[in-house]
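Derivation of every value follows stated rules applied to the coordinates shown; laboratory data play no part. Just so it is clear, the model here is predicted, and its values are computed rather than measured. Here Cβ is always computed from backbone atoms with ideal geometry, including for glycine, and neighbour counts include all displayed protein chains.
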Ligand code: GLN
């Protein structure tokens, strides 16, 4: 039998539905693959072998009874360790939640289970989703399957690496400043940040609540769309959840046609600081869009240059508030509780031991930015910049249907290269952050390998709020164009692990 781990999610679901393979066989093939390669890749923090096999068996039993199965029933998935899973460890990549077993499922987790998706385990991530390389995980870094000495992106490096290493055909990420798209770009996979409010945040451990957004990660555009449809939609448990029909992402992914569409190239995202091979592959992607029948124009978004500094005030400010709940009293770790110390002393010792350096840096930065006397100068100013960025998008989308840019300025950098240089690390999200600040939708998909290092380059497609379907329409057209050009998926060119 052909290797089940190489199939797409859509193919896997079809083969299970037809009875060609069982969901248990599919789950076992992926668990075997994880046993074979994950010691090298370290995509997973926790593999839930028993839970996965039980979920797969439940799908097989339903099929045997003649139940109609959903479009992803029996398909394995790797879940970022930022979503709660009832009775299954959820650490957020932090020591502060080590050993915590959540008493409830996140809405995303619940919807996956209801769809018959088989959750293989929880993936590695930068602590509290703060980072662009997965090096900030308290449990050690993840390797990029293209070159294990390089970063798989972050914070969702584990989810992206699981896809690229064929440990799972589907994964879930969260994107606060780029943590779905940047890992997708550097691993040659597809990642989508849905419109803010499109996917419930209930049970998503909060980093920066006005920016955090869960979304689908996959190896193909159609698979991402199927997963998007499974997790999206209104949730009364999340007050920022959008109460409107989910855009028809699956239909758009199946149609994949850009003829007559107007596509804007963001002028500010290019030039100095961009790796030559990234610029080259991006330019070729724009050329491909023209060949496919799109009209391409250059668009200026003058305030995007302030997105990064505004983000690094807003995100840490919200984090400093959100992370106050890790007080040693309610969840996870408790240090120094010897009966003599006050609650405040135990809190302080626990937070000192439980949080890593990047998390502490952000808490301090955010507390400072929100403090009286500085609030208007920093936090207030950043919120004004946020509004200007939204207006840039409004002006752009009055002229074009979608915007495009490179997803990241460079390909995957070596593990360790930026670990001690937060500013260099922050630059990885230069092109992704504006969409988080404005709340609109964006995708990254592969557009080739950079000639100088042979590593994947990501094309970013950006759509207006609640026009997520446009991402899939354009993404599917680009993907089909490249499949013809490359004679197969980009990941077929990755070295064997
Ligand atoms: N790299 C960015 C940060 O460190 C974005 C992280 C994210 O999207 N979760 O904040």
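What shape does region 408-495 take by its C-alpha gyration tensor, where a ≥ b ≥ c are the square roots of the eigenvalues and a/c under 1.5 counts as rounded, a/b above b/c as prolate, and the rest as oblate? Don't jump to the answer; show the numbers that get you there.
Values: a/c = 3.38, a/b = 1.08, b/c = 3.13.
Because a/c hits 1.5 or more and a/b fails to exceed b/c, region 408-495 counts as oblate.
Rounded, prolate or oblate, given the Cα gyration tensor of region 1-154, with a/c below 1.5 counting as rounded? Spell out each step's value before the answer.
Working: a/c = 2.44, a/b = 1.51, b/c = 1.62.
Note, shape of region 1-154 comes out oblate.
What Kirkwood Rh does region 182-269 have if only Cα atoms enter the pairwise 1/r average? Answer in Å. Before the final figure, lay out the partial values.
Numbers: mean 1/r = 0.0686 Å⁻¹.
One over the average 1/r among Cα pairs gives 14.6 Å for region 182-269.
In nanometres, what is the gap between the two model label sites at residue 398 and residue 300, each 7 Å from Cα along Cα-to-Cβ?
Simple spin-label model gives 1.5 nm for this pair.
List 371, 155 from most exposed to least, where exposure is judged by having the fewest other Cβ atoms within 10 Å. List each step's numbers first, then the result.
On the way: 371 12, 155 34.
If I rank by nearby Cβ atoms, fewest first, I get 371, 155.
Where does each of 172, 180 land when they are ranked from fewest to most other beta-carbon atoms within 10 angstrom? Kindly include the intermediate steps, with their values, before the conclusion.
On the way: 172 28, 180 35.
Result, fewest neighbours first: 172, 180.
Which value, in nm² and rounded to one decimal, describes the direction-averaged projected area of the C-alpha convex hull of the chain?
Working: hull surface 90.2 nm².
That works out to 22.5 nm², a quarter of the Cα hull's surface.
With a ≥ b ≥ c taken as the square roots of the eigenvalues of the C-alpha gyration tensor of region 1-58, please select rounded if a/c is under 1.5 and otherwise prolate if a/b is larger than b/c or oblate if it is not? Intermediate values should be presented prior to the final figure.
Working: a/c = 2.45, a/b = 1.51, b/c = 1.63.
Here region 1-58 falls in the oblate category.
Provide the packing ranking of 316-327, 60-71, i.e. peptides ordered by the mean count of other C-beta atoms within 10 Å per residue, highest first. All intermediate terms of the calculation are to be shown ahead of the outcome.
Numbers: 316-327: 19.9, 60-71: 13.7.
Averaged packing, sorted descending, gives the order 316-327, 60-71.
Suppose a student asked you for the relative contact order of region 8-117, using Cα pairs under 8 Å spaced at least 6 residues apart; what percent would you report? List each step's numbers first, then the result.
Values: 129 pairs, mean separation 29.9, N = 110.
This gives 27 percent for region 8-117.
Listing 387, 123, 5 from the residue with the fewest other Cβ atoms within 10 Å to the one with the most, what is the order? Write out the running numbers ahead of the final one.
Details: 387 13, 123 33, 5 20.
Lowest to highest Cβ neighbour count: 387, 5, 123.
Using only alpha carbon pairs under 8 Å that are at least six residues apart, calculate the relative contact order of the chain and give it in whole percent.
Values: 1220 pairs, mean separation 85.9, N = 497.
This gives 17 percent for the chain.
Order these peptides, 215-226, 409-420, 473-484, by their mean beta-carbon neighbour count within 10 angstrom, highest first.
Values: 215-226: 27.7, 409-420: 18.4, 473-484: 21.0.
Ranking the peptides 215-226, 409-420, 473-484 by packing returns 215-226, 473-484, 409-420.
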